[in-house]
Amino acid sequence: MQKMNKTIVSPSILSADFADFGGAVSEIDTSGASWIHMDVMDGSFVPNLTFGAPLVKALRSRTKAIFDVHLMVVQPGRFIQEFVKAGADIITFHYEAEVHSQKYLSEIHDLGKKAGIAIAPATPCSVLEEILPFIDIALIMTVNPGFGGQNLIPECLEKVEKLVKMREKAGLNFRISVDGGINEETARNAKKAGADVLVIGSAFFKNNDKKGLIDRLQD
Ligand code: DX5
Ligand code: ZN
């Protein structure tokens, strides 16, 4: 994956009106964002339930945006093929949820898609060292996964800084994504720390000037 200088914004439909996901996708398209973040929760890895591959499939024909699927499920390897078939472009799963991460990162690549690994606030980024060569994205959770609308935990941005150094040292160019509590103010700090991808849920859907917001965040 190319190293990108421009920040990518990935609005999360977790904060959309669940009765109108199609409308949410058009709002995201109109805003100028090119990725759409989809939070899949199983009620076990995280204390919340959302949706699965059928929603990804239903939305696939509505947009050309990159589908950035974030699996917050135990044993995510079980669902990779299903999400790829449904139209996911990027599949990110949690380090904490899968012992054999390398195997499933490779499987995602073999299916022609981009692969990401996510870590929760309590997980140090040092555990990722050996799998960095196998990822396109490292997703740093900046809240405890499970719900939108939480406040960003500032200490998590230190992990972004550490990962930037680890990436440099290893001569790699995966993207670093931050997820949770991102708004215009926290985005500035996240970008300063080195984040290349900003996942944004409630602050996006609450904003009436979505295009302006995306323009400023991508700047
Ligand atoms: C939280 C999810 C996030 C969520 C972010 O578990 O992974 O993607 O949508 O929502 P905000 O931006 O409201 O924190
Ligand atoms: Zn997410």
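Within region 169-201, can you find the residues that are closer than 17 Å to Ile135 by Cα and assigned to a helix (DSSP H, G or I)?
Residues satisfying the conditions are Lys169, Ala170.
Here is a list of conditions, (1) surrounded by 13 or more Cβ atoms within 10 Å (Cβ to Cβ); (2) of a type outside the set (Gly, Ala, Ser); (3) closer than 22 Å to Phe79 by Cα, and Thr142 meets all of them except one; can you say which number that is?
Single failed check for Thr142: (3).
Among (1) assigned to a helix (DSSP H, G or I); (2) buried (at least 16 other Cβ atoms within 10 Å of the Cβ), where does His37 come up short?
Answer for His37: the failing condition is (1).
Would you check which residues across region 192-207 are more than 14 Å from the chain's Cα centre (by Cα) and closer than 17 Å to Asp29 by Cβ and list them?
Restricting attention to region 192-207, the residues satisfying the condition of being more than 14 Å from the chain's Cα centre (by Cα) are 192-194, 202-207.
Within region 192-207, Phe204, Phe205, Asn207 meet the criteria.
Looking at (1) hydrophobic (A, V, I, L, M, F, W, C); (2) more than 11 Å from ligand 1 (Cβ to nearest atom); (3) not in a helix (DSSP H, G or I), which is the one condition that is false for Met166?
Tallying (1) hydrophobic (A, V, I, L, M, F, W, C); (2) more than 11 Å from ligand 1 (Cβ to nearest atom); (3) not in a helix (DSSP H, G or I), Met166 fails exactly one: (3).
Take the conditions touching a helix residue (DSSP H, G or I) at 6+ places or on another chain (Cβ under 9 Å) and farther than 19 Å from Phe204 by Cβ and apply them to Lys6. Does it pass? So that I can check it myself, show each step before the final result.
On the way: touching a helix residue (DSSP H, G or I) at 6+ places or on another chain (Cβ under 9 Å): yes; farther than 19 Å from Phe204 by Cβ: no.
Answer is no for this residue.
Which of the residues spanning region 5-21 are surrounded by fewer than 14 Cβ atoms within 10 Å (Cβ to Cβ), away from ligand 1 (no atom under 13 Å from the Cβ) and within 22 Å of Leu49 (Cβ to Cβ)?
Of all residues in region 5-21, those surrounded by fewer than 14 Cβ atoms within 10 Å (Cβ to Cβ) come to 5-6, 17-20.
The next check asks that each one be away from ligand 1 (no atom under 13 Å from the Cβ); those that pass are 5-6, 17, 19-20.
Answer for region 5-21, where residues must be surrounded by fewer than 14 Cβ atoms within 10 Å (Cβ to Cβ), away from ligand 1 (no atom under 13 Å from the Cβ) and within 22 Å of Leu49 (Cβ to Cβ): Asp17, Ala19, Asp20.
Would you mind finding the one in Ala97, Ala88, Ala118 that is within 16 Å of ligand 1 (Cβ to nearest atom) and either over 17 Å from Val46 (Cβ atoms) or surrounded by fewer than 16 Cβ atoms within 10 Å (Cβ to Cβ) (or both)?
Working: Ala97 fails: either over 17 Å from Val46 (Cβ atoms) or surrounded by fewer than 16 Cβ atoms within 10 Å (Cβ to Cβ) (or both); Ala118 fails: either over 17 Å from Val46 (Cβ atoms) or surrounded by fewer than 16 Cβ atoms within 10 Å (Cβ to Cβ) (or both).
So the residue among Ala97, Ala88, Ala118 that is within 16 Å of ligand 1 (Cβ to nearest atom) and either over 17 Å from Val46 (Cβ atoms) or surrounded by fewer than 16 Cβ atoms within 10 Å (Cβ to Cβ) (or both) is Ala88.
Go through region 197-214 and count every residue that is free of Cβ contacts under 8 Å to residues at least 24 places away in the same chain and either buried (at least 23 other Cβ atoms within 10 Å of the Cβ) or within 16 Å of ligand 2 (Cβ to nearest atom) (or both).
1
Take the conditions among the charged types (D, E, K, R) and loosely packed, with under 14 Cβ neighbours inside 10 Å and apply them to Glu107. Does it pass? If you could, list the steps in order and put the result at the bottom.
On the way: among the charged types (D, E, K, R): yes; loosely packed, with under 14 Cβ neighbours inside 10 Å: no.
It is false that Glu107 is among the charged types (D, E, K, R) and loosely packed, with under 14 Cβ neighbours inside 10 Å.
Can you find even one residue in region 113-123 that is assigned to a helix (DSSP H, G or I) and within 17 Å of the chain's Cα centre (by Cα)?
Of region 113-123, the ones assigned to a helix (DSSP H, G or I) are none.
Within region 113-123, none of the residues are assigned to a helix (DSSP H, G or I) and within 17 Å of the chain's Cα centre (by Cα).
Scan region 143-152 and give yes if some residue there is within 14 Å of the chain's Cα centre (by Cα), among the β-branched types (Val, Ile, Thr) and within 16 Å of ligand 2 (Cβ to nearest atom), otherwise no.
Yes: region 143-152 contains one or more residues that are within 14 Å of the chain's Cα centre (by Cα), among the β-branched types (Val, Ile, Thr) and within 16 Å of ligand 2 (Cβ to nearest atom).
Pick from Phe204, Phe147: which is in a loop (DSSP other than H, G, I, E, B) and within 16 Å of ligand 1 (Cβ to nearest atom)?
Numbers: Phe204 fails: in a loop (DSSP other than H, G, I, E, B).
Unique residue meeting the criteria: Phe147.
Only one of (1) within 13 Å of ligand 2 (Cβ to nearest atom); (2) under 21 Å from Lys211 (Cβ atoms); (3) not polar (S, T, N, Q) fails for Leu59. Which number is that?
It is condition (1) that Leu59 fails.
Which one is nearest to Asn144 (Cα to Cα), of the residues in region 170-196 that are in contact with an Asp or Glu (Cβ under 8 Å, 6 or more places away or on another chain) and within 16 Å of ligand 2 (Cβ to nearest atom)?
Ser177
Throughout, read-outs are computed from the coordinates displayed, never taken from laboratory work. Please read all numbers here as calculations on a predicted model, not as lab measurements. Neighbour counts run over all protein chains shown; Cβ positions are idealised from the backbone, glycine included.
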